[in-house]
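Everything below concerns the one structure shown next.
Throughout, read-outs are computed from the coordinates displayed, never taken from laboratory work. These numbers come from a predicted model, not from an experiment. All Cβ positions, glycine included, derive from the backbone under ideal geometry; neighbour counts span all protein chains shown.
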Amino acid sequence: MRCPICGKEVASDNQNAPKPFCSNRCQMIDMKRWLNEEYSIETLRLDVDEIEKAILDTELGERQIEE
Ligand SMILES: [Zn+2]
């Protein structure tokens, strides 16, 4: 299985990978692409920022667990 964003091979036994993506970063890139395509309306741009903040918070939280 390959990540649809960066094309990197995703190990099937990698429980941390947000399949089909190899990482949270690629998942976020895909989400932002999708949001930009589907919701290009001015009033919804704030929501995209809020989602991005939530994802960044999640990434920081996971990083702390790993350490
Ligand atoms: Zn990737």
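Listing Arg2, Arg25 from the residue with the fewest other Cβ atoms within 10 Å to the one with the most, what is the order?
Numbers: Arg2 11, Arg25 14.
Placing the least packed residue first, the sequence is Arg2, Arg25.
Using Cβ counts within 10 Å as a stand-in for footprinting exposure, how do Asp47, Asp30, Asp13 rank, fewest first? Mind showing how you got there, number by number?
Numbers: Asp47 12, Asp30 16, Asp13 5.
Going from sparsest to densest Cβ surroundings: Asp13, Asp47, Asp30.
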